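Chemist: After the structure tokens below, expect a handful of questions from me.
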Amino acid sequence: MKNGIISRRLVLGGMAGAGAGLALGGCSTDGGGAQSTAPTSSGAAGAQVGGSFTATDFAALKGASVGVVGVNLKGPTVARAVKIMEDLGKEHDFKVDAVDTAFDLLKTNDTMRVWADKGYDAIVVANTEAPNIGDGLDAAGAKNIPVAGFYCGLAPGLAFDIGANEWIAGNKVATYISQRLLVENKGRGIAIFGYTPLANLRTRELSVTTQADFYKIPIVARQEVNADNSAVDVQNKTTDILTRYPAGGDLGAIFVPWDEGGYSAVSALEAAGRDDIFVVSLDGEQPNLDSIRKGGPQGATVVNDMVAVSNVVLTELGKIMAGGEPPKNPQLYVDSPLVTDANVPAPGVIPEGTGLTPFYTG
């Protein structure tokens, strides 16, 4: 494979969104069916063309100490990735230490500095914008410790970042919203919840507003969410919006760029007995998939393939630790499938994408 990048199957595909500190952190849309796995699957067992990653990918990590740090490791999607990495560490005999810094960037940088002083072999930064961890990257670089990110973007000193192409993920859900409103709810608009500090959420929101503008679909409300209490904040603000827009009015859809917030909107709709509005969000969390499955308010979500993300992060770090070079193009993307009622998987199953996508590899 070019650049030595491990992949299940190289196809042009979507990106995963890394949900936020609010809740990042399948199936393809080309007619293919969903590849599904139990939520606890590491995706590391067995070599299979077009299937799982191979166990030999982690040989270089044996005996290593890997630190995982981020401003919110408790968000469901990020927590799923951390659990996958911890399980892989137990299976392949390397240690994974995880520290949640609770949106404290100073603590994030300090944690990286402490790990550098202790001689950790590698560091992973989760869902924290890379330009904000310059001090930690400098400390790791001074000790020649490779640092990788997922859903972080790029900054000097970060070996590579792996995530999903948020423009593609955002436009997948934007297309669903636009088409459904144009077909079912002609003339009705969208209420949007956003969180400006996170770039991936800004990108997802911009994808939706751009399509809405193109199709002349009105944005009837836009609310900024309080990160400290995001789930409750979205639910309360949704309840207020429903009061302003009674059934049969101008509101047809609610967009929240992350699934935990999306499910708060779902809960508010259910509590109000409203079935005239649908919700779309991103990340692929179980409550949202359950709502789609049972015909609830959730219309669609995009699933972050954290199995692929976790495997690629550790595999590429292992190559660097063994003396190899980082990927020539440091921004890596994995496929993120759109899930609707047409392809929602069985209960307890989280869809996986098709692996790394081959945009520009350098």
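The values are calculated or read from the model by the stated rules, or taken from the named source; none is laboratory data. Note that this is a predicted model, so its numbers are computed, not measured. The protein model used for the area step is the full one, side chains on, heavy atoms only, and it has no ligands, DNA or RNA in it. Shrake-Rupley method; radii C 1.70, N 1.55, O 1.52, S 1.80 Å.
Chemist: Given axes a ≥ b ≥ c from the Cα gyration tensor, I'd like to know whether the range 144-196 is rounded (a/c under 1.5), prolate (a/b larger than b/c) or oblate. Please list the in-between numbers first.
Modeler: Values: a/c = 6.42, a/b = 3.32, b/c = 1.93.
Cα axes put the range 144-196 in the prolate bin.
Chemist: Within the set LYS62/LYS328; LYS216/LYS294; LYS74/LYS328; LYS172/LYS319; LYS143/LYS328, which residue pairs have Cα atoms separated by over 28 Å?
Modeler: The answer is LYS216/LYS294; LYS74/LYS328; LYS172/LYS319.
Chemist: Would you work out if the range 180-302 is rounded, prolate or oblate? Take a ≥ b ≥ c from the square roots of the eigenvalues of the alpha-carbon gyration tensor; rounded if a/c is under 1.5, else prolate when a/b is larger than b/c, oblate otherwise. Before the final figure, lay out each step's value.
Modeler: Values: a/c = 1.27, a/b = 1.06, b/c = 1.20.
Rounded, since a/c falls under 1.5.
Chemist: Moving on. Tell me whether the range 191-235 comes out rounded, prolate or oblate; compute the Cα gyration tensor, take square roots of the eigenvalues as a ≥ b ≥ c, and use a/c under 1.5 as the rounded threshold.
Modeler: Since a/c reaches 1.5 but b/c is at least a/b, the shape of the range 191-235 is classed as oblate.
Chemist: What do you reckon, how do THR203, THR210 stack up by accessible area (1.4 Å probe), largest on top?
Modeler: Of THR203, THR210, the descending order of accessible area is THR210, THR203.
Chemist: Relative contact order for the range 174-229: what is it in percent, counting Cα pairs under 8 Å that are at least 6 residues apart?
Modeler: 46 percent
Chemist: Using the heavy atoms of the protein chains alone and a 1.4 angstrom probe, what is the accessible area of the range 209-362 per residue in square angstrom?
Modeler: On a per-residue basis, the range 209-362 sits at 37 Å².
Chemist: Next up: Got the relative contact order for the range 232-357 handy, in percent, Cα pairs under 8 Å and 6 or more residues apart?
Modeler: Values: 190 pairs, mean separation 27.0, N = 126.
In percent, rounded to a whole number, it is 21.
Chemist: So for the range 148-294, averaging the separation of alpha carbon pairs under 8 Å that are six or more residues apart and normalising by length, what relative contact order in percent results?
Modeler: 22 percent
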